[in-house]
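Since the structure comes first, as structure tokens, the remarks are kept for the end.
Each reported figure results from applying straightforward, stated rules to the coordinates on display, with no laboratory input. Model, not experiment: these values are computed from the prediction. Quick reminder, even Gly has a Cβ in these numbers, built from the backbone with ideal geometry, and neighbours come from all protein chains shown.
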Amino acid sequence: MPGVRTQGRATTATLATMDIRAQVQQNAVADEVSALLAVVRPILIGLLYGLKGEVVREAGGSDNVKLLMLARLRRPGDGDCGICFEYAVHDAVRARNPMVLERIDDALTRLCNVAGDDVASILFAVEKTGSEQLIDTARDLVTDESRIRSGTRGQPAKLQKHIEGIAQAFRRPSARQALPYSISGLWKADLFIGHTDTDRWVGTTVKVNPSQLEGARGLRLGIVPATDTATDAPYLDERRNLVVCPLLYDGNFMQVFFAGWRIVQAFLTADAKMPEAVALDRPPEREVARVLAERRNYPVVDVVEALGAFAQPELLKTEPQQASVVLTRGDQIEMPTVIAPEALQGAA
């Protein structure tokens, strides 16, 4: 295995690849059961590949993990739904979904002072996915002239120069002192959103729970679901020094996605059996759970494949991608090879 130099010390690391799957709605929803089945399939795959590596190996590999064992092997995390929301926002921007893109563009140009026409998103995911660590940015988007606007005076910091230091700061508090003062809190970013034509970006925090929105030095944009406030338009929160961009509940893909998420959670909580009516009381949701319960003794990958015949065709398009990652021992990490997911097709 190759040695990787981190902060002046050598550590053992292995170069590996991680599969990334992005889903986006392509067509209008037909019958609700088929639409829910289409969403449930990638959720199950995501949970399967999120299991710890040693757990999967003990079960005979990911191809042999049965649906009932997924319910017993998985350890639910409080951030699961939030991570999905981050990916949904990122994909929507890259796919140029007007319901998301127009609101973010308004926030960037009108409130963040980031001029330009071509909005883009860079996913900065340093959270652990299963047992591996991933930083996903876009090599073709980050240039020598990419700068971060933080809402403070002075020359904006260069993103490429500090991207690895930001990642190190996420893992080790001692590394945060090495960041410039104006962006010392940028390690809390989930995305970098900006305009590629002007090469100006803002550190962005994405929270599925608006009450958890927090400001930090370097963060400029906060994306949350809309709440009952005086306005649902983007606005400046002077206390947090954040431009807040609420995303509206639009009654289409996000509603179906979160309904599918709830079905999977209820099903796994019930030990991969039919949940009680109090957990899922709507007939379409119960029908989807019944389809899953009837297949609890089959491997997850086989169940997902079988459900493809019942799911609404082409509701979701799955685009598998690979990112090169460096696996390290202990709490030391290295910047892995960056990747640039292509914009999803047919979502706008």
For this session: Compute the distance in nm between two label points, each set 7 Å from the Cα along the Cα-to-Cβ direction, one at Glu145 and one at Asn241.
Result: 2.7 nm
For this session: Collect residues whose amide H, placed 1.01 Å from N in the peptide plane, falls under 5 Å from the amide H of Ala157; neighbours closer than 5 in sequence don't count.
Result: Ile148
Exercise. What order do you get for Ser184, Ser211 when you list them from fewest to most C-beta neighbours inside 10 Å?
Worked result: Ser211, Ser184
Exercise. If amide H atoms are built 1.01 Å from N in the plane of the peptide, which residues on other chains or at least 5 residues away come under 5 Å of the amide H of Leu242?
Worked result: Asp237
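Can you sort Met99, Met69 from fewest to most other Cβ atoms within 10 Å of each residue's own Cβ?
So the residues, fewest neighbours to most, are Met99, Met69.
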Exercise. What is the order of Cys245, Cys81, fewest Cβ neighbours within 10 Å to most?
Worked result: Cys81, Cys245
Seminar exercise, completed: Per the 1/(1 + (r/R0)^6) rule, R0 = 56 Å and r from the Cβ atoms of Lys158 and Glu54, FRET efficiency to 0.05 is 0.90
Exercise. Do the alpha carbons of any pairs in Lys158/Lys207; Lys52/Lys188; Lys52/Lys207; Lys52/Lys158; Lys161/Lys207 sit beyond 30 Å of each other, and which pairs?
Worked result: Lys52/Lys158
For this session: Grab the Cα-Cα distance for Glu276 and Met99, subtract it from 0.36 nm times how many residues apart they are, and report the gain in nm with one decimal.
Result: 60.2 nm
For this session: Count the net charge of all other residues whose Cβ sits under 15 Å from the Cβ of Ala115, scoring Lys and Arg as +1 and Asp and Glu as -1.
Result: -2
Problem set entry | Dipole magnitude of segment 192-283, debye to nearest 20 (Cβ charges: Lys/Arg +1, Asp/Glu -1, about Cα centre) | 220 debye
